[in-house]
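J.: Right, I'll just put the structure down here and ask away after.
Readers should treat all values here as calculations from the given coordinates under stated rules, not as data from a laboratory. Predicted model, so just to flag it, every value in this text is computed and none were measured. Note that each Cβ is placed from the backbone with ideal geometry, even for glycine, and that neighbours are counted across all protein chains shown.
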Amino acid sequence: MPTLDVARALLKSTFGYDRFRPGQADIVAALLAGENVLAVMPTGSGKSLCYQLPALATTSLSVVVSPLIALMRDQVAALRLNGVAAGTLNSATPRSDASETYRRLREGRLRLLYISPERLMQPDMLEGLSRHGPARFAIDEAHCISQWGHDFRPDYRRLAELPGHFPGARLSAFTATADAVTRKDIVDRLFAGRARVFVAGFDRPNLQIGIAPRSSAPRQIDALLDRHPGRSGIVYTLSRKEAERTAQRLSSNGRTALPYHAGMDHAVRDRHQDRFLTEDGVIVVATIAFGMGIDKPDVRFVAHANVPSTVEAYYQEIGRAGRDGLPAETLMLYGMDDIRLRRLMIEDSERPEEAKRVEHQRLNALLALCETAGCRRQALLGYFGESCDPCGNCDRCLDPVETIDGAVLAQKALSAALRTGQRFGAEHLIAVLRGEATEKVRQHRHDRLPTFGVGADVGKPLWRSYLRQLVAADVLKIDIGGYGALQLGGRGRAVLKGAESVALHGEAARRPEKRRRAAERPTGTTDPALFARLKQLRLEIAKSEGVPAFVVFHDRSLQDMAARKPQSLEQLALCHGVGAAKLDRYGERFLAEIRAAAGA
């Protein structure tokens, strides 16, 4: 049986890495020992290596199950450049490539086969694979198995049948996002309740977390993009129309912005994704149809123009930034309309009532994250059962807010909601509270209520913030069937009677010069001019070979080269991410560029 030392040697010789990242060694050791494993690892922590190394440490076939065509394509391309016999079978695999993969499979020359769950579970595929005796199955994006996962896919359920078809094969599952409920569901369904569970932590300290009420989404998103000129990023929108409109607006302002959503022509969508993966400085404006399996390491920002569906979805989506470990920035904008629309989407779904109840609870947790007065990272990690000190790298840490006893303010808002019949939305209640005799207020004679004008000393923006906080605290709730009317929430009566307290916070005083940290440019001993030349060489190679630039070398590898300035293949082999196959394939070209730069 292969040992961890064998895997460690492969880590260096094949992939060019000197050591395991935190959490990797324990998972690899468990898989080499033949254990069933569920591993929950943050995006960018190297989970793919955890199933690739055990596959390379043996001579048997290993099968990787993934729903993500883009990820399968890029990982197979990267493995082949590292000298690994890998292939893929999915709906997008060209006929010639599929034939070659089948031939190598029959000849026993394939070490890793990447396959979609739909293709794998076809009877002829199961029968064909059984003749080749795969030793391991690794299921990526395993949260798709669970009905409680944020990306549930019914096709994944059938993967629970694999032990029946391949009783001698070991099973493992990997995901970046699974709370305790989802983890238990995966273990029960896939492993019949028997598996070692590794939770490697959820923290991504290089991500700066920002969450703000939406005042002017175009202005707020432009400010984020201005802080990262010429860099790659993702802007998520709730609708296809908004994705198209935002991409067009950003493009008219001189940026390279491409829309991406499920309603687009498939070929155009693929072309936009390929440009994002292969070019620098491309911004994709997308619905949630984009992103799963996008392994581009140098995404410098992720923006949400609307509230995501859950904390898990939010975590997964911001996790697409900064996979190279360098600083990246995230921003989520939210408003009362988002909350109502999300509630409506849950209620209009065809899921069972128990599932809807859980989804409402998860949305409540996301709203609590939006309205917390404390460290965002503490609140985010707390949702996943982890703790940390205040991070110093979120908007709440960089621009603290003060909390106040909000009992009286809450009682005024609750009284206004009650006396207007719990039939009106936030803007109408604010007009009543501030004593503004609008046409609608006069029409309903609400200017004659005792609560008319009791909150005149509070401005509109602050009242909006207070009402959002009261919704997040379940003091008020949104009537999703009543066009967003605010009603008494579960804690409303108790707060109104003074039996429960409620804390509220104001808005932070923005200090952009303090908030923004140093970006991702090469620093320290790295030669910026050489780094730029190496990036250009990498781009030329990537285009000639038809692969994303990061598949050739990650930025971190180029930065290491630009710092060390190796003068021989032996010295180049010491750089981060330079394995034996890539050294042989690209070594002389990169050495020539380094020497040319020195003589320039």
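J.: What ranking do 544-556, 256-268 get when scored by the average of other Cβ atoms within 10 Å per residue, highest first?
T.: 544-556, 256-268
J.: Could you state the number of Å between the C-alpha centres of the stretch 424-501 and the stretch 400-422?
T.: Result: 7 Å between the Cα centres.
J.: What's the ranking of 180-190, 161-171, 303-313 by average number of surrounding C-beta atoms within 10 Å, highest first?
T.: Going from most to least packed, we get 303-313, 180-190, 161-171.
J.: Let me ask something else. If the cut-off is 28 Å between C-alpha atoms, which lysines fall inside it for Lys582, apart from same-chain ones fewer than 8 positions away?
T.: Correct list for Lys582: Lys12, Lys47, Lys296, Lys535, Lys543, Lys565.
J.: What's the extension gain from Ala596 to Glu540 if we count 0.36 nm per residue and subtract their Cα-Cα distance? The partial results should precede the final answer.
T.: Numbers: separation 56, 0.36 × 56 = 20.16 nm, distance 1.65 nm.
Fully extending the segment from Ala596 to Glu540 adds 18.5 nm.
J.: Can you grab the distance from the C-alpha centre of the stretch 565-592 to the C-alpha centre of the stretch 44-85, Å, no decimals?
T.: 22
J.: If you place +1 on the Cβ of every Lys and Arg, -1 on the Cβ of every Asp and Glu, and leave all else neutral, what size is the dipole of the stretch 4-199 about its Cα centre, to the nearest 20 Debye?
T.: Taking the Cα centre of the stretch 4-199 as origin, the dipole is about 380 debye.
J.: Give the residue list of GluC sites (Glu not before Pro) in the stretch 329-401 that are DSSP loop and have at most 12 other beta-carbon atoms within 10 angstrom.
T.: The qualifying sites are Glu350.
J.: Could you please state, rounded to a whole Å, how far the C-alpha centre of the stretch 315-340 is from the C-alpha centre of the stretch 93-163?
T.: 31
J.: Pick out, from Ala580, Gly168, Ser251, the residue whose Cα sits farthest towards the positive end of the charge dipole of the chain, with +1 on the Cβ of Lys and Arg and -1 on the Cβ of Asp and Glu.
T.: Comparing the listed Cα positions along the dipole, Ser251 ranks first.
J.: Projected onto the charge dipole of the chain (+1 at Lys/Arg Cβ, -1 at Asp/Glu Cβ, origin at the Cα centre), which of Ser62, Val551, Leu488 gives the Cα projection farthest towards the positive end?
T.: Leu488
J.: Using the Cα centre of the stretch 108-264 as the reference point, and only Cβ charges (+1 on K/R, -1 on D/E), how large is the resulting charge dipole? Debye, rounded to the nearest 20.
T.: 280
J.: Per residue, how much space in cubic angstrom lies within the convex hull of the C-alpha atoms of the stretch 207-395? Don't skip to the end; give the middle numbers.
T.: On the way: hull volume 23.7 nm³, N = 189.
With only Cα atoms used, the stretch 207-395 gives 125 Å³ per residue.
J.: Pop the C-beta distance of Arg448 and Glu354 into the FRET formula with R0 = 51 Å and round what comes out to the nearest 0.05.
T.: 0.70
J.: Please go through the stretch 176-220 and write out the chymotrypsin sites (Phe, Trp or Tyr not before Pro) that DSSP classes as loop and that have at most 16 other C-beta atoms within 10 Å.
T.: Values: sites: Phe191, Phe198, Phe202; in loops: Phe202.
When the chymotrypsin sites (Phe, Trp or Tyr not before Pro) of the stretch 176-220 are filtered for loop state and at most 16 Cβ neighbours within 10 Å, nothing remains.
J.: If packing is taken as the average number of other Cβ atoms within 10 Å across a peptide's residues, how do 55-62, 410-417 rank, most packed first?
T.: 410-417, 55-62
J.: Place +1 on the Cβ of every Lys and Arg and -1 on the Cβ of every Asp and Glu in the chain, take the dipole about the Cα centre, and give the residue among Ala503, Leu409, Ala192 whose Cα lies farthest towards its positive end.
T.: Leu409
J.: Extending each Cα 7 Å along its Cβ direction at Ala92 and Ala456, get the distance between those two points in nm, one decimal.
T.: Taking the two extended label points, one gets 6.2 nm.
J.: Assign unit charges at the C-beta atoms only (+1 for Lys and Arg, -1 for Asp and Glu), then state the dipole size of the chain relative to its Cα centre in Debye, rounded to the nearest 20.
T.: 480
J.: Of the trypsin sites (Lys or Arg not before Pro) in the stretch 438-485, which ones lie in a loop per DSSP and count no more than 15 other C-beta atoms within 10 Å?
T.: Sites meeting the loop and neighbour criteria: Arg445.
J.: Suppose only helical runs count, i.e. DSSP H with n ≥ 4. What mean residue ellipticity at 222 nm does that imply for the chain under -39500 (n - 2.57) per run, divided by all residues and rounded to the nearest 500 deg cm²/dmol?
T.: Result for the chain: -13500 deg cm²/dmol, rounded to the nearest 500.
J.: May I pose another question? What is the ratio of the Cα radius of gyration of the stretch 4-199 to 2.2 N^0.38 Å, where N is its residue count, to two decimals?
T.: So the stretch 4-199 has a normalised radius of gyration of 0.95.
J.: Let me ask another. If the cut-off is a Cα-Cα distance under 23 Å, which lysines reach Lys460, setting aside same-chain residues fewer than 8 apart in sequence?
T.: The qualifying lysines are Lys412, Lys440, Lys477.
J.: Can you give the Rg to Rh ratio for the chain, taking only C-alpha atoms and Rh from Kirkwood?
T.: Ratio of gyration radius to Kirkwood radius for the chain: 1.01.
J.: Ok, one more. Quick check: pseudo-label points 7 Å beyond the Cα along Cα→Cβ at Met1 and Leu569, how many nm apart are they?
T.: Roughly 3.8 nm, to one decimal.
J.: Still on this model: Tell me, what are the semi-axes, in whole angstrom and largest first, of the equivalent ellipsoid of the stretch 403-507 as set by the roots of 5 times the Cα gyration tensor eigenvalues?
T.: Semi-axes (√(5λ), whole Å): 20, 15, 12.
J.: Go ahead and run the numbers for FRET between Ala212 and Asp18, Cβ-Cβ distance against an R0 of 56 Å, rounding to 0.05.
T.: On the way: r = 40 Å, r/R0 = 0.72.
Step by step, r from the Cβ atoms, then E = 0.90.
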